[in-house]
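Notes for the one structure printed next.
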Amino acid sequence: MQALIVIDVQNDFCPGGALAVPEGDAVVQGINALMSEFDAVVLTQDWHPAGHSSFASAHEGAGPYDVVQMPYGAQVLWPDHCIQGSTGARFHTDLHVDRADLIIRKGYNPAIDSYSAFFENDHTTSTGLEGYLRTRGIDRLVMVGLALDFCVNFSAVDAAKLGFDVEVREGLCRAIDLDGSLAAALSGMKDAGVTLA
Ligand code: VGL
Ligand code: ZN
């Protein structure tokens, strides 16, 4: 059994959004077209409370894209984005949200960011997605969405470590590419055994 995991195709990651990924909206039609090929479709939704600790605005004297040390390790600081209930947090209006079996929200813990669909950035606190997939008998995952070098990357590497067979469709992802983050993500995914297609 295989699932399509659609990462964070939300307004704030699309052109005009608060943390716009270049061409972020270009993946939507292709993702919609893939949905019918899978036993399950899961969407993730970045879902932060106002004042979240990953926002630069929550750190005195810091700016977007600075890196700070958090109790769980290094954390990039972002512009305020995907605030719970906001227009920016909604899925892109053309995404076939009705086709989703499950929508998993992440990043709701004020003190810990969550790039991965499986674990918060402490690499320990589970989102519950692993249990959902296993109890549905799913062992193969195809991942698409935004951003390739952050949330897709962390989700794919975690899934591979958990023992899922993981493929990332690069053509249906777009990257932020901050200080070489795209190259690092591609080599990290390969090292973890993720198939890049
Ligand atoms: C993401 C940065 C902050 C992502 C989410 O979806 O890749 N990146 N929050
Ligand atoms: Zn976020």
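The values are calculated or read from the model by the stated rules, or taken from the named source; none is laboratory data. These figures come from a predicted structure and were not determined experimentally. Quick reminder, even Gly has a Cβ in these numbers, built from the backbone with ideal geometry, and neighbours come from all protein chains shown. The protein model used for the area step is the full one, side chains on, heavy atoms only, and it has no ligands, DNA or RNA in it. Shrake-Rupley method; radii C 1.70, N 1.55, O 1.52, S 1.80 Å.
Using a simple charge model, +1 on the beta-carbon of Lys and Arg, -1 on the beta-carbon of Asp and Glu, nothing else, what dipole does region 83-150 show about its Cα centre, in debye to the nearest 20?
Around 200 debye, computed over region 83-150.
Taking every DSSP beta bridge that has both residues in the chain, what percent is antiparallel when rounded to the nearest 5?
If we restrict to bridges inside the chain, about 20 percent are antiparallel.
Give the accessible surface of region 53-197 per residue, rounded to a whole number of Å², with probe radius 1.4 Å and ligands, DNA and RNA excluded.
With the other protein chains kept in place, region 53-197 gives 45 Å² per residue.
Normalised by the residues of the chain, what does the relative contact order come to in percent, with Cα pairs under 8 Å and at least six apart?
24 percent
Roll a 1.4 Å probe over the protein chains and send me the accessible area per residue for region 1-42 in Å².
34 Å²
Out of N32, Y72, G171, whose Cα points farthest toward the positive end of the dipole of the chain (charges: +1 Lys, Arg; -1 Asp, Glu; placed on Cβ)?
N32
Is region 106-183 best put as rounded, prolate or oblate by its Cα gyration tensor, with a ≥ b ≥ c the root eigenvalues, rounded for a/c under 1.5, and otherwise prolate when a/b is larger than b/c, oblate when not?
Oblate is the answer for region 106-183, as a/c is 1.5 or above yet b/c matches or exceeds a/b.
Expressed as an acute angle from 0 to 90° and rounded to the nearest 10, what is the orientation of the C-alpha long axis of helix 181-191 relative to the principal long axis of the chain?
40 degrees
Determine the principal axes of the Cα atoms in the chain, then give the extent along each, sorted from largest to smallest and rounded to whole angstroms.
The Cα atoms of the chain stretch 48, 33, 29 Å along the principal axes, largest first.
List the equivalent ellipsoid semi-axes of region 1-100 in whole Å, largest first, each obtained as the square root of 5λ for an eigenvalue λ of the Cα gyration tensor.
Taking √(5λ) for each eigenvalue gives 29, 15, 12 Å, largest first.
Assuming a ≥ b ≥ c are the square roots of the Cα gyration tensor eigenvalues, decide whether region 83-140 counts as rounded (a/c under 1.5), prolate (otherwise, with a/b larger than b/c) or oblate.
In terms of gyration-tensor shape, oblate.
At a 1.4 Å probe radius, carbon and sulfur cover how many percent of the accessible area of the chain?
On the chain, the fraction of accessible area on carbon and sulfur atoms equals 50 percent.
Residues with amide H under 5 Å of Q10's amide H, sequence separation 5 or more or different chain, H placed in the peptide plane at 1.01 Å from N; which?
H92
Could you tell me which residue out of N109, A160, M1 lies farthest along the dipole of the chain toward its positive end? Charges go on the beta carbon: Lys and Arg +1, Asp and Glu -1, centred on the Cα centre.
It is M1.
Just how large is the dipole of the chain about the Cα centre, in debye to the nearest 20, putting +1 at every Lys and Arg Cβ and -1 at every Asp and Glu Cβ?
Around 360 debye, computed over the chain.
Scan around Y65 for amide H atoms under 5 Å from its own, H built in the peptide plane at 1.01 Å from N, and keep only partners 5 or more places away or cross-chain.
L77, W78
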